[in-house]
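Undergrad: Can you keep this structure in mind? I'll have questions shortly.
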Amino acid sequence: MNSQIKMEIEISKLGERGQIVIPQEIRQKLKMKKGERFLVINEKEDIIFRPLKKIRSLEGIQEDIIDMQIANKRWKEIEKGKYKESNKEDFLKEIESW
């Protein structure tokens, strides 16, 4: 099974009052409105913004954090030239060890 990850990357900046601008194209795509509330999660060097209206459970948030941890680990492996492929079974065993 080959799944494709579709990701949009934009650059934003932090304003003097701590405000972050989410690019218009992304706001429109996600149907975001002025005043919308977000859960903000910090995991080491990363930040996740999750619209409160999209949160269904604490387990979903925990899954997002686990996904982020896996991505961080893979990036570090790639940066060190130590990336290794793993099959589904090995991947699931690694997740269970967390």
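Coordinate-derived values only; no laboratory data. Bear in mind the structure is a predicted one, so any value in this text is a computation, not a measurement. Glycine also receives a Cβ, built like all others from the backbone with ideal geometry; neighbour counts cover every protein chain displayed.
Undergrad: Considering only residues of segment 38-97 that are closer than 30 Å to V21 by Cα and among the basic types (K, R), which is nearest to the chain's Cα centre (by Cα)?
TA: Here the residue is R50.
Undergrad: Separate question: Output the residue which, of all residues in segment 38-74 that are surrounded by 10 or more Cβ atoms within 10 Å (Cβ to Cβ) and among the basic types (K, R), is farthest from L92 (Cα to Cα).
TA: Ranking the qualifying residues of segment 38-74, first place goes to K53.
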